[in-house]
Amino acid sequence: RARVVVEKAADRETDMKKVEKYDVFEISLDWIRSSDLVEYCAEFRNGVDCKRVPAFWYKNREYRIRFMPEKTGLWKYSVQLDTQNVEGEFLCVENEGENHGPVRTEGFHFRYEDGTRYIPVGTTCYAWIHQTEDLQRQTLATLRETPFNKIRMCVFPKSMVYNDNNPTHYPYFKNEAGQWDLKSPDPVFWENMDTRIRDLMELGIEADLILFHPYDRWGFALLNREESHTYLEYCIARLCAYRNVWWSLANEYEMLYEKTSEDWDSYGEMLQKLDPYHHPVSIHNFIALYPKRDWMTHCSVQSGEIHKVRRWKKEYGIPVIIDECGYEGNIEYNWGNLSAFEMVHRFWWAIALGGYCTHGETFHREDEVLWWAKGGVLYGESV
């Protein structure tokens, strides 16, 4: 009898859906949309381990639930939406190949969840997902041939010198008054965001998502705290199951003049509370580093004063990444005309002091497709 039970269990596992550890298990639900974009209604259990995961509005009548299993074995789930009760199970198998799980901090350094050492060698393409499909694909093809394993990128579109084109799709639709409706995400924009994060994941690249920035002519920088919380809750529910996501609260936070330190702290605390996987969280400065906070996992710094890495390590007690030390290029701005030698030198200097560094490139182009903003092709020598 015991043998029969074992054989039935084996047959059941053969037929069962299998998901690799740290990969994404996804459920699609047909449900009449309520006023809420996010519903906290799903529970996943594996023995004594239990995680509560939100459902998010995907499009039309469809809600989705994404879950990243961090433990092998049988996971059972239950979803309660109004009178709809959905139950099921799947088998989580060992991670393989370059799937090492999400990145964690360890002292002043980083490791993947499975213990593999992670040394961030990043680059910057702020608005690459806001460009044409062809240009996005070209950016991915370029990344495939580089050593980069992290990319800084904006969720909202960017308006700045050499980057003043309008995107085809925005994160949200506008209401009748012409204001962004934070209850009406554009499914096309967010589906592309999903696709690009998955593309980066397949390349072994961490997506360091910049959630707010000041380079704006559309009004996203003016969202109040309540609107910002609605946006962040949706970002977390939709994107946190991807193992390669990082959260950067802002680029040059001081230049978002409408936001206070209380706002920034509320955003950091929200990420800390609602992200069940605890992805890395930072905030990037223009002049002065943001004061030390419990929700920070590492420092994201703008500075050419690389010698201060040791001071920041001592002050903050967490890893330090110089995410903007200047850019290799030849444009008219002093932040965008480093030589290849100087870019590599700053990388070496930061790492020799126990920190890390991020690359960027700004070579003048008549078509204004500069890597630092739009991606495309790299022309410099520092890589």
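Here are the numbers for the structure shown:
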quantity: Helix axis angle, 187-202 relative to the chain longest principal axis, alpha carbon, degrees; calculated: 80
quantity: Global form of the range 170-267, assessed from the alpha-carbon gyration tensor, a/c cut-off 1.5; calculated: oblate
quantity: Amide H contacts of Glu20 (H built 1.01 Å from N, under 5 Å, at least 5 apart or other chain); calculated: Val93
quantity: Crossing angle, helix 261-274 versus the chain [Cα axis fit, 0-90 degrees, rounded to tens]; calculated: 30
quantity: Amide H contacts of Lys174 (H built 1.01 Å from N, under 5 Å, at least 5 apart or other chain); calculated: Asp181
quantity: Listed residues Ser35, Ser261, Ser228, most fluctuating in the chain (Gaussian network, C-alpha, under 10 Å); calculated: Ser35
quantity: Cα convex hull volume per residue for the range 249-307 (Å³); calculated: 84
quantity: Extent along principal axes [Cα atoms of the range 86-158; Å; largest to smallest]; calculated: 42, 38, 24
quantity: For the range 174-181, 3J(HN,Hα) per residue [Karplus equation, 6.51 cos²θ - 1.76 cosθ + 1.60, θ = phi - 60°, Hz, x = Gly/Pro]; calculated: 9, 8, 5, 7, x, 9, 5, 9
quantity: Antiparallel content of DSSP bridges confined to the chain, in %, to 5; calculated: 55
quantity: Kirkwood Rh, Cα atoms: Rg over Rh of the range 94-210; calculated: 1.03
quantity: Selected from Gly178, Gly97, Gly107 as most flexible by GNM, with the chain as the system and alpha-carbon contacts under 10 Å; calculated: Gly97
quantity: Other-chain or far-sequence residues with amide H under 5 Å of Asp216's (modelled H); calculated: Ser159
quantity: Set Lys18/Lys71; Lys183/Lys292; Lys51/Lys76; Lys150/Lys174 screened for pairs whose C-alpha atoms are more than 22 Å apart; calculated: Lys183/Lys292; Lys150/Lys174
quantity: Hz values of 3J(HN,Hα) by residue in the range 99-112 - Karplus curve (6.51, -1.76, 1.60), Gly and Pro given as x; calculated: 7, 10, x, x, 7, 10, 8, 9, x, 9, 10, 10, 9, 6
quantity: Total charge dipole magnitude, the range 66-133, about the Cα centre, Cβ charges on Lys, Arg, Asp, Glu only, Debye to nearest 20; calculated: 260
quantity: Protection proxy ranking of 75-87, 299-311, 146-158 - average other beta-carbon atoms within 10 Å, highest first; calculated: 146-158, 299-311, 75-87
quantity: Computed Kirkwood radius, in angstrom, where 1/r is averaged over Cα pairs of the chain; calculated: 22.0
quantity: Coordinate range along principal axes, alpha carbons of the range 269-383, Å, largest first; calculated: 45, 31, 23
quantity: Accessible-area value, His298, 1.4 Å probe, nucleic acids and ligands omitted, Å²; calculated: 0
quantity: q = 0.24, 0.33 Å⁻¹: log10 I(q)/I(0) that the Debye formula gives for the range 208-249, counting C-alpha atoms only; calculated: -0.89, -1.18
quantity: Cα gyration tensor shape for the range 30-181, rounded if a/c is under 1.5, else prolate or oblate; calculated: oblate
quantity: Order of exposure, largest accessible area first, which applies to Glu332, Glu342 with probe 1.4 Å; calculated: Glu332, Glu342
quantity: Whole-Hz ³J(HN,Hα) from phi, Karplus 6.51 cos²θ - 1.76 cosθ + 1.60, for the range 376-383, glycine and proline x; calculated: x, 10, 8, 10, x, 10, 5, 4
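The values are calculated or read from the model by the stated rules, or taken from the named source; none is laboratory data. The structure displayed is predicted, hence computed values, not measured ones. As a convention, Cβ positions derive from the backbone with ideal geometry for all residues, glycine included, and neighbour counts pool all protein chains shown. The accessibility values were calculated without ligands, DNA or RNA, using every heavy atom of the protein model including side chains. Shrake-Rupley method; radii C 1.70, N 1.55, O 1.52, S 1.80 Å.
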